[in-house]
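See below for the structure under consideration.
All of the numbers you see were taken from the coordinates with simple rules; none came from a lab. Since the structure is predicted, the reported quantities are computational estimates derived from the model, not experimental observations. Note: ideal-geometry Cβ built from the backbone for every residue, glycine included; neighbour counts use all protein chains shown.
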């Protein structure tokens with residue numbers, strides 16, 4: 001079936017004897033036929049009141065002028081000239097009388113400085129107009145020709161491309177009899193003839209929207225879940241014919257089959273047969289649902305490396321659960337996330353077929369390739385907080401299969417020296433659960449504390465990561481340290497170091513309703529931490545409770561602007577300040593606290609100006625994350641305000657509050673934003689605080 005343009009009758013007076021054909025063909029048509037056919041600059045006209053015999057001209061070949069323009073005021077006794085899309089008169093002239101159907105009222109929509117589209121004023125004639133215009137702009141930008149160059153050939157190419165794009169789009173919206181015509185008034189035609197670049201105007205008359213006719217879905221009706229699957233496809237005879245709707249519903253049906261137990265389902269490409277006589281399109285989508293199945297065992301191709309039992313533990317399904325393709329893909333992602341494999345392939349294998357309406361059973365065969373398991377890493381750097389620092393580490397990520405990693409690390413720097421060994425087992429006794437054991441010795445000097453420490457720490461947690469962000473995560477653990485330390489002496493009398501033996505149980509829970517771990521734009525987070533501790537020093541035992549509550553909220557405000565705020569409250573209950581080791585007391589200041597001040601530089605000080613730490617803490621931060629559009633939208637500017645108060649008592653007294661303001665820059669990458677913040681302390685102590693501080697890290701400040 002072919003698309004036929006609706007003919008438009010032209011009535012005329014009886015003409016005199018017809019001239020010979022060769023008399024009607026101008027010489028330029030013989031010498032340069034392509035140029036003559038395109039520009040039609042030498043088409044001859046007849047005398048007023050004379051014309052050829054009445055004929056039918058396809059509607060698409062006529063240019064429809066705007067309402068009210070001189071070309072619509074036809075006089076039966078006067079010569080009429082109609083300008084076509086190529087800029088010259090059409091191959092008929094001297095028309096005495098032209099019978100036109102009633103022209104719809106039109107209105108113009110400016111696309112850019114060089115293009116206008118004309119649509120019927122009546123929105124019912126084209127209800128998808130706004131979506132059509134938006135999509136046309138996007139596709140036109142993507143298909144832009146010439147990269148800004150301008151000459152006659154490129155202008156012609158752009159006009160042809162715009163017209164073809166409009167016609168393709170109209171068909172996508174179901175308008176298969178639509179007309180796209182270019183209008184040239186006298187002024188525009190003269191400008192084009194002079195080689196200038198007038199505004200191009202296309203009139204769009206959508207006509208009748210086609211509808212779906214017969215719908216053939218192959219063998220879908222053989223599936224046990226046919227009613228629900230057919231409802232998912234959701235296209236029925238008589239619906240408006242939309243190309244996007246076909247793609248959307250085909251994808252929805254494929255997803256529904258994969259999520260309701262059909263691992264071997266097959267869908268062909270859709271075929272659409274347009275019948276112009278019926279103004280309908282018959283749709284064919286061959287569907288082969290295959291059988292319905294449940295999950296069975298999970299088998300590993302390398303059981304000594306990652307056992308079948310361990311892979312089954314990672315899976316979010318149990319044997320007997322209805323097959324879902326999303327759970328199969330989730331298992332593949334989880335295995336990839338272990339970091340010990342280079343590739344993963346999962347193949348469903350039939351164990352038993354469906355029988356008597358009961359689903360069959362599948363084995364999930366997992367083929368894995370080992371990745372690089374050993375890593376040696378190192379870094380050398382300098383920071384205003386840390387001074388010079390050299391770090392090195394060695395790690396084997398599967399030394400104790402499955403997923404048992406051993407890591408040895410060391411730090412040598414101006415303010416920190418450390419040596420440690422750690423064991424970590426991922427997916428311990430369950431999906432996304434982590435067991436860690438660490439032993440370390442360190443010698444650290446911060447702005448507030450000098451400490452030589454030997455520590456042992458063990459923790460078990462359900463963690464949140466970039467691939468599988470959890471709405472709730474938790475951690476419990478135990479820690480024992482033996483530390484010889486004191487508050488840092490700045491200008492006072494050096495005191496003897498004091499030894500502490502500290503034992504601690506700790507627990508942490510986080511509710512995360514944000515949309516991203518590293519770059520949240522909406523939602524909130526709340527984290528609570530509790531740690532009962534016992535400390536032995538100078539022969540006395542002291543028991544106390546450390547607690548902390550953190551909350552943050554993220555709210556988008558308009559396009560490209562996110563407001564973010566966070567608050568912290570912490571306290572130590574049940575002990576005097578001197579009974580708590582200096583490294584366990586509360587301090588503020590630093591890149592994730594009160595910016596503009598050094599790490600642990602905010603807090604109580606004694607008469608010599610030496611930081612002593614406190615037993616309660618309050619912090620607040622607010623910032624505006626503003627997208628700039630620079631570098632493809634990757635750069636963000638962030639003005640911020642921070643405050644922090646640390647008190648000696650377990651309840652905040654706000655006697656001393658420090659404020660900081662500043663400006664940050666974020667560069668967004670595929671793994672999170674790189675953060676650079678410049679903070680300025682507003683009420684700094686000139687003796688201890690710098691006039692500014694710079695912080696560099698990965699991820700937002702909170």
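Couple of notes before you dig in:
- Centroid-to-centroid separation of region 284-356 and region 517-561 [C-alpha atoms, Å]: 38
- Normalised Debye scattering of region 444-570 at q = 0.12, 0.21 Å⁻¹ gives log10 I(q)/I(0) of -0.67, -1.18, counting only Cα atoms as equal scatterers and leaving out solvent.
- Segment residue 555..residue 493, full-extension length gain: 17.3 nm, with 0.36 nm per residue of separation and the alpha-carbon distance subtracted.
- Estimated FRET transfer efficiency (residue 505, residue 655; beta-carbon r; R0 22 Å; 0.05): 0.10
- For the peptides 669-682, 465-478, the ranking by packing is 669-682, 465-478, with the highest mean count of neighbouring Cβ atoms within 10 Å listed first.
- FRET efficiency estimate (nearest 0.05) - Cβ-Cβ, residue 635 to residue 333, R0 22 angstrom: 0.15
- Over the C-alpha trace of region 196-294, radius of gyration and Dmax come out as 17.8, 70 angstrom.
- Cα convex hull, region 524-581: 76 Å³ per residue, rounded to a whole number.
- Full-extension gain in nm, residue 379 to residue 153, via 0.36 nm per residue minus C-alpha separation: 75.6 nm
- Projected label points at residue 391 and residue 527, each 7 Å from Cα along the beta carbon direction, are separated by 1.7 nanometres.
- Derived value for region 334-385: Kirkwood hydrodynamic radius 15.2 Å. Basis is the mean of 1/r over every pair of different alpha-carbon atoms.
- Gyration tensor (Cα) of region 459-534, equivalent ellipsoid semi-axes in angstrom: 36, 18, 10
- Label point of residue 266 set 7 angstrom out along Cα-Cβ; within region 336-369, amide nitrogens under 17 Å from it belong to 348-350.
- Bridges between two residues of region 293-370, per DSSP, are antiparallel at a rate of about 65%.
- Taking all C-alpha pairs of region 427-698, those more than 28 Å from each other amount to 43 percent.
- Kirkwood-type hydrodynamic radius, region 302-360: 13.0 Å, calculated from all non-identical alpha-carbon pairs.
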